[in-house]
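Below: the structure, in structure tokens.
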2 protein chains.
Amino acid sequence: MNSTLYRAWLQYSPIQDAELREAYRRVLGTISLEGRRSELLDSAIEELRSGCRSLLDIEPELLLLGNEMPQLASNEGISRGLQLRVQPADNVQDLEEGNNSAPGKLGPEGFRLEYLEGKGQERVILIGGSEKGLLYGVFHLLRLVAAHEPLTAWNVTEEPVNRLRMINQWDNADGSIERGYAGRSIFYRDGRFTEDLTRVKDYARLLSSVGINAISINNVNVHEIETRFITREYLPQVAQIASVFRKYGITLYLSINFAAPLHIGGVGTSDPLNEDVRRWWRAAADEIYSHIPDFGGFLVKADSEHRPGPFAYGRDHADGANMLAEALKPHGGIVIWRCFVYNCMQDWRDRSTDRAKAAYDHFTPLDGRFMDNVLLQIKNGPMDFQVREPVSPLFGSMKHTNQVLEFQVTQEYTGQQRHVCYLVPQWKDVLNFDTHADGQGSYVKRIVSGSLHSMKLSGIAAVSNIGDDENWTGHTLAQANLYGYGRLIWNPDLTSEEIAEEWTRQTFGNDEAVIKTACGMLMKSWPIYESYTSPLGVGWMVTPHTHYGPDVDGYEYSRWGTYHFADRDGIGVDRTAATGTGYTAQYFEPNARRYETLEDCPDELLLFFHHVPYSHRLKSGKTVIQHIYDTHFEGADAAAELLVEWASLEGRIDPAQHAQVAARLAEQAEHAKHWRDVINTYFFRKSGVPDGRGRTIF
Amino acid sequence: MNSTLYRAWLQYSPIQDAELREAYRRVLGTISLEGRRSELLDSAIEELRSGCRSLLDIEPELLLLGNEMPQLASNEGISRGLQLRVQPADNVQDLEEGNNSAPGKLGPEGFRLEYLEGKGQERVILIGGSEKGLLYGVFHLLRLVAAHEPLTAWNVTEEPVNRLRMINQWDNADGSIERGYAGRSIFYRDGRFTEDLTRVKDYARLLSSVGINAISINNVNVHEIETRFITREYLPQVAQIASVFRKYGITLYLSINFAAPLHIGGVGTSDPLNEDVRRWWRAAADEIYSHIPDFGGFLVKADSEHRPGPFAYGRDHADGANMLAEALKPHGGIVIWRCFVYNCMQDWRDRSTDRAKAAYDHFTPLDGRFMDNVLLQIKNGPMDFQVREPVSPLFGSMKHTNQVLEFQVTQEYTGQQRHVCYLVPQWKDVLNFDTHADGQGSYVKRIVSGSLHSMKLSGIAAVSNIGDDENWTGHTLAQANLYGYGRLIWNPDLTSEEIAEEWTRQTFGNDEAVIKTACGMLMKSWPIYESYTSPLGVGWMVTPHTHYGPDVDGYEYSRWGTYHFADRDGIGVDRTAATGTGYTAQYFEPNARRYETLEDCPDELLLFFHHVPYSHRLKSGKTVIQHIYDTHFEGADAAAELLVEWASLEGRIDPAQHAQVAARLAEQAEHAKHWRDVINTYFFRKSGVPDGRGRTIF
């Protein structure tokens, strides 16, 4: 496949402007490389060459300097064209310790790009902090070309802010993808690894181009076949996948089954303190590293939603994680242990139990007990990737524990890639949330970057949104979420608008009308989706299991701990310390007080924290019930308007891309009306309050 | 398998009473048979012998008289023991025409059993109207023995009231069963027919023992593999199944895919008026009958729930059914065409469309247009096997069309064989419903028996409840539904109590305490299930798709046409002619007026026909809302009481049977509390009316 849909943001569309093309050709016509050849450099050069071929219709001359060809070291060729260079390795030790601040020195994943002009000669110097940094620099350079950035603006030094920048595949060996909305797995089919890895390589290119440096390739719910991925039976195939990603600077991880010693190890238990179990895991780790020397480590969902874990043996999460960490430690591997732990067999009649409190209650008592190669992976909110949630109070509450923030790129609760919902603004809200853990300015982004509590290991992970659909993500506009995720965690200070524009230019070209319209649509897409689905932070009004489409009471009498308590008088969950579940007390001040106090609680989270009458006045001056009606009518109208806006771009972008998005937007507009009518009807029937503007409610 | 669970009502438990055993041994020690040996007579003898062996611990002496052994015709042996005889065939022509009333003559499926005593000798004469009648007589005789009926009471003449007595399997070739709650299919596994047909034979014995004479062996939703059952590829295997059932007097039918000519026939269409299509079906029928000379015919679900049908070609159901009937006619086959046709893509916002009206609207205009070997199969109610529905107004409305009533033995909406729900009383309500189609006394049972409108072909069909669970039906008490279905349609004038007692004696033995308790539990089980689930005929408050457990709004905003319209003030569907959908007008008077008039409408169907405020007073004097609370509290208590009653039988019946039922009853008691609390909480939150007795509502 080589269609516009497939190429996503690596279109490398030919530069039509003759002057600009000529300028790029001048500096990219000759590429010289200092340093030893390596897999990573080969990838960088391959990408550069195919980029130049496609963007500029040239085949650059390649000069290899350095160790292999020392005789060329003083050749005049090095004073023109693009000069690639890797920073000498003498400071790498420092840099790996996190000391990136040596003046003039680049971290191992950083790069510096410089355009120099003088004496009638132009050249561009690209220096990587390591070979991986150089690869990132190449992708950045090509991004500048695709965005038609003038050479004079090529002057940039970049370092990733977060050390671990990970993507989690929830792919199953049978080829299905849990919460996947873009076709089947590109990794597996019918219980086997796919043989043709072309698509895996193209996925690696997409991820590397936005700086992702880690991937777990199987679902955190580890089923029968996948449990055996860590054995000799499957490791040769896992190693093949690892080698594809390695060429793009991406380290491979596996999700493991905590009960593997019991199920496949012939050990009669999985007790983490049992010596046979510990020996089994050490042997398993040794076996893995004999196949994959740079294996990243394990991702673990334990004691969560019926997955096995240490609780079965009266042990805690620290016991479980440390046992695995001990096995990986000699090899430099890490354990990423998910904090998505709660009672999924809750009795809906019991209003004192609050799922939102569970992760904090489970994990904060363990702070300081985890080995230094354990990271806790914490979902952005306390529930589960809702359209709107407060930030998890775990962030900042464990000062002696490595932490990874988990986002969800796949749109499980945000329209399943049938509705457009650009999630970067949501993620930025999380990263910019001030936890006040160490006073003002204790932003989540500083916690997960490790800068606030000087974590040795930390970072961000997210659930992928890709599958084998031609355009990878089902909805072509959902490509922006994968792109944006990578770019944002590389640099959380990029704005949502900047990222949207970058993506749009690379994906659809540089027509200003397209940029303006498409970016505008992306920017308002999350607010629109929120407006016709989930009022005031209430969440969970979706069809059980599929999580698509409205079902207001779908989870109301279930065991999942996800309620809204709507009755004829009011709605919302009282999570205050004064009269509710006490969840607000898990926050540092002043957040705790702000959420606790009805007057101070932000409207968009009102129903998450408080149960209020339908007549309650919001800061907008509207009542809750009128707000529900208004947002749903306006939201459905806005969804219809998206379709109109997109139609205006017909003829300005590639027809296949245009048609794909248009079809999805039409579906969204129709489905938004269904959402509007179900939600409004539900609350009208319950409250009996008519719409203040007399619109049709059924 | 030969456990008590597996043997169901054919336990043939040893007679412990010495005197009674001796009496039975005297007459069953010698069995003489007049007539030609045949498959059916072999089955009768095999059943008699294994019955005598098990019940009486004797190996009866068998004397074969008649054609094969004429020299014995006057042997003194014929004046003692059990004498089996088949009525001479000279009147069979008459009898097949439905003229069963020739004095002293038996219909082909009837039998006469007589105990004669005199001159110090006892004998029992069993005469079958045909070999099949004789087989039914043998099962009846064994039933009398199992129930310890004294010989002096052995004097009975039986004729089945309904001609077609059918069971429909909803089994799929992959081994799954649509709406099956008792394990996997006994017919198929992983896309193939099962090789060992032992269990199929035992199923045939169970069915034959209660008089079932027809079976369709594949789901009415015909998938890919099953579409090819009517081809050379699968017919040899279908024929093997047919031969197993033939030995027990059961004729085999297949569900067919209306689009087969298009999908597997290489004909570019399935238009029923297209000559190529008609030729294809004729050839298909010829092929089938070359493998199965007594093949029964086709069962067809067309233009229903996305199944293909004649509508795609602008044809109607008569065109479709007649095309198939024409192909089968030369072979004596019939078409059973289901009337379960409605718009399953309804807009919930449209209150004028009423799914309840659909079957009547579709089919009554076609009365008189169907060939005489077409039967319309009509579900008992206008919706879909709810706990409580009115009787379908189609019954009696098509006086020139053969009709089959369809029941559902599998408990899709009635507890899925995890709750006990003895359905015979529900079915009797349907059969005894007076349609007034031809004045008073126009009972449904007279319509489907053919006696009211002198139908040539008619009868009753039902969806089976069996699977490969050891006890066939998941819940052992659910065996009573399969048993009761067969017995009731043989003779609709049997009472529910009589049938329950018959079944209990054969299944659990003749301990009077067991009979009393078990029959009592069966008799109140449907009212109990109704009380904690579905108030006042409202229906559909179940989890979508699975149809198990409460979800009051689960179908409220769906496309399925199944709503309750509950709001804060009231609940119910206005189906009156005056202000509602006009459904009531589909009934004959006085039914139409009774349902139309709020004061006359029976309470148990109130919300099916009327939308009323929660404060509406029922005939009981209670308000609707208090009735909801009361029935749900009382129902859950009654479910818990069932468990206590059953516990009292421990030690009185087989331990495996006791334990199996006890486990299900415990689950039911727990689940009934969930039902109670969800329904009560839903209506309390919506209505705001507190329980008059102050019980806990959440």
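The values are calculated or read from the model by the stated rules, or taken from the named source; none is laboratory data. All of these numbers come straight from a predicted model, not from anything done at the bench. Don't worry about glycine lacking a Cβ; one is built from the backbone with ideal geometry, like all the others, and counts go over all protein chains shown. With ligands, DNA and RNA removed, areas are computed over all heavy atoms of the protein, side chains included. Shrake-Rupley method; radii C 1.70, N 1.55, O 1.52, S 1.80 Å.
Kindly indicate whether any position in region A:370-385 is of a type outside the set (Lys, Arg), in contact with a His (Cβ under 9 Å, 6 or more places away or on another chain) and closer than 30 Å to A:Ala566 by Cα.
Narrowing region A:370-385 to residues of a type outside the set (Lys, Arg): A:370-378, A:380-385.
From what is left, the residues that are in contact with a His (Cβ under 9 Å, 6 or more places away or on another chain) are A:370, A:376.
Those left that are additionally closer than 30 Å to A:Ala566 by Cα: none.
No, there is no match, as no residue in region A:370-385 is of a type outside the set (Lys, Arg), in contact with a His (Cβ under 9 Å, 6 or more places away or on another chain) and closer than 30 Å to A:Ala566 by Cα.
Looking only at region B:401-437, which residues are farther than 22 Å from B:Ala640 by Cβ and of a type in the set (Lys, Arg)?
Within region B:401-437, just B:Lys428 meets the criteria.
Kindly list the number of the only condition in (1) surrounded by 17 or more Cβ atoms within 10 Å (Cβ to Cβ); (2) in a helix (DSSP H, G or I); (3) away from chain B (no Cβ under 14 Å) that fails for A:Ile653.
Only one criterion in (1) surrounded by 17 or more Cβ atoms within 10 Å (Cβ to Cβ); (2) in a helix (DSSP H, G or I); (3) away from chain B (no Cβ under 14 Å) is unmet by A:Ile653, namely (2).
Taking region A:535-564 on its own, how many of its residues are in contact with a Ser or Thr (Cβ under 8 Å, 6 or more places away or on another chain), in a loop (DSSP other than H, G, I, E, B) and farther than 21 Å from A:Leu394 by Cα?
Within region A:535-564, residues that are in contact with a Ser or Thr (Cβ under 8 Å, 6 or more places away or on another chain), in a loop (DSSP other than H, G, I, E, B) and farther than 21 Å from A:Leu394 by Cα number 8.
Identify the residue in region A:539-557 that is open to solvent by less than 10 Å² (accessible area, probe 1.4 Å) and among the aliphatic types (A, V, I, L, M) and, among all such residues, is nearest to the other protein chains (Cβ to nearest Cβ).
Step by step, filter region A:539-557, then rank; the result is A:Val552.
Do the conditions hold for A:Tyr529, that is, is it closer than 18 Å to A:Tyr682 by Cα and of a type in the set (Phe, Trp, Tyr)? Working first, answer last.
On the way: closer than 18 Å to A:Tyr682 by Cα: no; of a type in the set (Phe, Trp, Tyr): yes.
When the stated conditions are applied, A:Tyr529 does not pass them.
Filter region A:677-695 down to residues that are surrounded by 15 or more Cβ atoms within 10 Å (Cβ to Cβ), in a loop (DSSP other than H, G, I, E, B) and either more than 11 Å from chain B (Cβ to nearest Cβ) or among the basic types (Lys, Arg) (or both), then give me how many there are.
Going through region A:677-695 one residue at a time, the tally reaches 1.
Tell me the residue from B:Asp171, B:Asp190 that is among the acidic types (Asp, Glu) and surrounded by fewer than 23 Cβ atoms within 10 Å (Cβ to Cβ), please. It would help to see each step written out before you state the result.
Details: B:Asp171 fails: surrounded by fewer than 23 Cβ atoms within 10 Å (Cβ to Cβ).
On inspection, the qualifying residue turns out to be B:Asp190.
Restricting to region B:463-497, what's the tally of residues that are closer than 21 Å to B:Gln416 by Cα and of a type in the set (Val, Ile, Thr)?
The qualifying residues number 4.
Any residue in region A:3-28 that is crowded, with 19+ Cβ neighbours inside 10 Å sitting within a Cβ distance under 6 Å of a residue that is of a type in the set (D, E, K, R) and outside any loop (DSSP other than H, G, I, E, B)? List the pairs, counting only those 6 or more apart or interchain.
The qualifying pairs are A:Ile15/A:Arg21; A:Val27/A:Glu122.
Among the residues of region A:119-176, which ones are within 20 Å of A:Leu48 (Cβ to Cβ), small (Gly, Ala, Ser) and over 24 Å from the mean Cα position of the chain (by Cα)?
A:Gly128, A:Gly129, A:Ser130, A:Ala153
In this structure, does A:Gly107 turn out to be at pLDDT 80 or above and farther than 23 Å from A:Leu64 by Cα? Outline the logic, then answer.
Working: at pLDDT 80 or above: yes; farther than 23 Å from A:Leu64 by Cα: yes.
Here the answer is yes, as A:Gly107 does meet what is asked.
Restricting the first residue to region A:430-454 and requiring it to be more than 25 Å from A:Asp384 (Cβ to Cβ), which pairs with a second residue that is part of a loop (DSSP other than H, G, I, E, B) and of a type in the set (Ser, Thr, Tyr) meet a Cβ separation below 7 Å and a spacing of at least six or different chains?
Within 7 Å, the pairs are A:Gly450/A:Ser458; A:Leu452/A:Ser442.
I'd like to know if region B:558-568 contains one or more residues that are buried (at least 19 other Cβ atoms within 10 Å of the Cβ), within 14 Å of chain A (Cβ to nearest Cβ), among the small types (Gly, Ala, Ser) and touching a Pro at 6+ places or on another chain (Cβ under 6 Å).
Within region B:558-568, none of the residues are buried (at least 19 other Cβ atoms within 10 Å of the Cβ), within 14 Å of chain A (Cβ to nearest Cβ), among the small types (Gly, Ala, Ser) and touching a Pro at 6+ places or on another chain (Cβ under 6 Å).
Among what's in region A:659-676 and is touching a Lys or Arg at 6+ places or on another chain (Cβ under 8 Å) and surrounded by fewer than 21 Cβ atoms within 10 Å (Cβ to Cβ), pick the residue that is farthest from the other protein chains (Cβ to nearest Cβ).
Within region A:659-676, the first condition is being touching a Lys or Arg at 6+ places or on another chain (Cβ under 8 Å), and the residues that meet it are A:664, A:667-668, A:671.
Add one more test, that the residue is surrounded by fewer than 21 Cβ atoms within 10 Å (Cβ to Cβ), and what stays is A:667, A:671.
Working: A:Glu667: 16, A:His671: 12 Å.
Checked region A:659-676; the qualifying residue farthest from the other protein chains (Cβ to nearest Cβ) is A:Glu667.
Can you name the residue in region B:565-600 that is in a loop (DSSP other than H, G, I, E, B) and within 28 Å of the chain's Cα centre (by Cα) and, of all such residues, is farthest from B:Tyr360 (Cα to Cα)? Reasoning before the result, please.
We begin by selecting, within region B:565-600, every residue in a loop (DSSP other than H, G, I, E, B); these are B:565-569, B:572-582, B:587-590, B:597-600.
Checking the rest, the ones that are also within 28 Å of the chain's Cα centre (by Cα) come to B:587-588.
Working: B:Tyr587: 10, B:Phe588: 13 Å.
Checking each candidate, the answer is B:Phe588.
Regarding region A:514-533, can at least one residue be identified that is open to solvent by 20 Å² or more (accessible area, probe 1.4 Å), touching a residue at least 12 places away in the same chain (Cβ under 8 Å) and either within 14 Å of chain B (Cβ to nearest Cβ) or outside any helix (DSSP H, G or I) (or both)?
No: zero hits.
Here's the yes/no breakdown for (1) within 14 Å of another protein chain (Cβ to nearest Cβ); (2) under 21 Å from A:Arg685 (Cβ atoms); (3) touching a residue at least 60 places away in the same chain (Cβ under 8 Å):
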{"position": "B:Tyr595", "(1), (2), (3)": "no, no, yes"}
{"position": "B:His611", "(1), (2), (3)": "yes, yes, no"}
{"position": "B:Val624", "(1), (2), (3)": "no, yes, yes"}
{"position": "B:Ile697", "(1), (2), (3)": "yes, yes, yes"}
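Please find, within region A:390-410, the residue that is most open to solvent (accessible area, probe 1.4 Å) out of those that are among the polar types (S, T, N, Q) and in a loop (DSSP other than H, G, I, E, B). Spell out the reasoning first.
First, the residues of region A:390-410 that are among the polar types (S, T, N, Q): A:392, A:397, A:401-403, A:408, A:410.
Retained after the next criterion (residues that are in a loop (DSSP other than H, G, I, E, B)): A:392, A:397, A:401, A:410.
Details: A:Ser392: 8, A:Ser397: 25, A:Thr401: 2, A:Thr410: 2 Å².
For region A:390-410, the residue satisfying everything is A:Ser397.
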